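The values are calculated or read from the model by the stated rules, or taken from the named source; none is laboratory data. Computed from a prediction, not measured in an experiment: that's the story for all the values here. No Cβ is skipped: glycine too gets one built from the backbone with ideal geometry, and neighbour counts run over all protein chains shown. With ligands, DNA and RNA removed, areas are computed over all heavy atoms of the protein, side chains included. Shrake-Rupley method; radii C 1.70, N 1.55, O 1.52, S 1.80 Å.
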Amino acid sequence: MIQLLEKRPILTIILVVGFMLLPNLDALEVTIMEARNFVTAREMLTDGNWLLTTMNGEPRYEKPPLPTWLTAFSAALFGIKSVWAMRFPAVLMVMVLGIMIFTLSRKLKLSKRHALLNALVSITSLYTVLIIFEAPWDIYAHAFMLTGIYFIFKIVQGQREKSISSILLATCCIAASILSKGPVSLYALFLPFLIAYIFVYRKEIVPTKWIVVSIIVVLGLCLGFSWYAYVRFIDPETFSRIATKETGNWTSYNVRPFYYYWSFFVQSGLWTIPAVTSLLYPYLISRVSNRKAYRFTVLWTLLAVGLLSIIPEKKSRYLMPVLIPLALNIGFYLEYLVRQFSNLKNRREVLPVYFNFGLVSVIFLTIPIMAFYLIISGNIASPILAIIAFCVLFILSMYLLRALYRKKLLSVIYGVVLALTLAVIAGMSVLDNTRINEKYSPIRDRIRIDKLPLYSLQINAPEVYWDSGKKITVLTSP
């Protein structure tokens, strides 16, 4: 089984993401952030507002349009009222993220197994999964930027035969990232990558290559900011008002202390303890298979955290770009354990491994036990898919404990990824089966409003706009 997974790593990444997220993608209720994006995508299709984007008929220039375009295309294919269709493009971007981490790892001269471990860590980290159900455009920006970084890495590594295509693709990906979230990923992902690369690989740098990279960045900036320039030209008053408010938020909204992000490793979820251990540079530097690449990923991770910490406005989802180099970093520690765990004798090395994977295995074992108790007691109604997933999860959890006892770390790591996939499938299936408002709008269920105009009094609730299925006229006075 392990050989089959490692033989087709790209397919493995796609299947893990697909099975984990796609079956019940519409199970959770639409959040306020999702509603803003979904309403904007809907009005692209219904009103043709593809460039001058709107929400409930009002200008919404706070976010660039590329992710909304992709969401609108998905809705046009699978249904404009479908939450599943609206969330589907974000799942594809998680697949792209995992694939690009794998390919970038290979460019760092890591083994295929090591690269696959890096990718699996990235797509199963806690916030990578949660970000799908918040639908911020961060995942688009960082996936596109990581793809651009991959092609830039190819250029500076000297692959001349593919340089033209790499230049074009890198330029387009940087532009796509800016068209997804502005310069956020350029600052939080690309800049720390660039600094870390120059510091670690400075002896390998060819000056002419960096001229090409500079041209790529400039062209990417020009293309990426073209939408902003267009909106500024067509609707300058509204654009200036929104831009002033957005830039003011950087220093006055959600302001947190400098050290707010220093618990960033917790965002990796199942991999929290390995994440902490992977950052213990003096301990791991003599144990990794590629010291230069490890030094690069450590520096990339710490620089990303440092640069984000400088910005006064802080939110947990802003840590998403840190999880990318952190996944590469965690992979070095996991690869070391796969090679050497059966030979380790030092308790200080062995106990954290047993604690982490033992605790994770016990948690996965507890989930089906509690679920079956609730099903038998009649507290929840579980579909057949969830019951099958819970049964397999129970058996797999027992196997994980046995494999850990026998020090089969590779089996444990792949088993944890599979267990998380099963847990998400089962949990989302139960939630989808038992939630009160199943796949229809509660507003539409209470009253037939298809042909009636809707009014509200000074309300700004994107969830209501989405739920109504149409624009609502906002009154300024009774």
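Per the Kirkwood formula applied to alpha carbons, region 147-242 shows a radius of gyration over Rh ratio, Rg over Rh, of 1.07.
With the largest listed first and rounded to whole Å, the semi-axes of the equivalent ellipsoid of region 60-144 from the Cα gyration tensor are 28, 13, 11. Summed over the residues of the chain and divided among them, the accessible surface reaches 46 Å² per residue at a probe radius of 1.4 Å.
Annotation for R291 and V213: the two label points, set 7 Å from Cα along the Cα-Cβ direction, are 2.3 nm apart. For the chain, the convex hull drawn through the C-alpha positions has a volume of 170 cubic angstrom per residue.
Computed extension length for V255-I234: 4.3 nm, one decimal, from 0.36 nm per residue of separation with the Cα-Cα distance subtracted. A straight chain from N343 to R202 at 0.36 nm per residue would run longer than the Cα-Cα distance by 47.2 nm.
Computed over the alpha carbons of region 221-371, Rg followed by Dmax gives 21.3, 69 Å. Once C-alpha pairs closer than 8 Å and six or more residues apart are averaged by separation and normalised to the residue number of the chain, the relative contact order reads 18 percent. Just the Cα atoms of region 276-346, one point each, no solvent: what log10 I(q)/I(0) does Debye give at q = 0.15, 0.24, 0.26 Å⁻¹? Each listed q maps to, in turn, -0.53, -1.02, -1.14.
On full extension of the chain, what length is gained from I10 through M33, given 0.36 nm per residue of separation minus the C-alpha to C-alpha distance?
Numbers: separation 23, 0.36 × 23 = 8.28 nm, distance 3.09 nm.
Roughly 5.2 nm would be gained on extension.
The share of accessible area on the chain that comes from carbon and sulfur is 66 percent, using a 1.4 angstrom probe.
Site pair K407 and V464 shows an inter-label distance of 6.4 nm when each label is modelled 7 Å from Cα along Cα→Cβ. Over region 47-113, Cα pairs under 8 Å with separation of 6+ residues give a relative contact order of 16 percent.
The tail of the calculated P(r) for region 108-198 beyond 18 Å holds 54 percent of all Cα-Cα pairs.
Across q = 0.16, 0.20 Å⁻¹, region 244-316 modelled as identical point scatterers on its alpha-carbon atoms has Debye log10 I(q)/I(0) values of -0.68, -0.89, in the order of the q list.
A crude spin-label estimate for the pair I164 and M370, with each label 7 Å from Cα along the Cβ direction, gives 5.9 nm.
Taking a span of 24 Å or more along the helix axis (Cα atoms) and a mean Kyte-Doolittle hydropathy of at least -0.5 as the rule, the DSSP H helices of the chain that qualify are 83-107, 138-156, 163-181, 207-224, 291-310, 320-340, 347-376, 384-405, 409-434.
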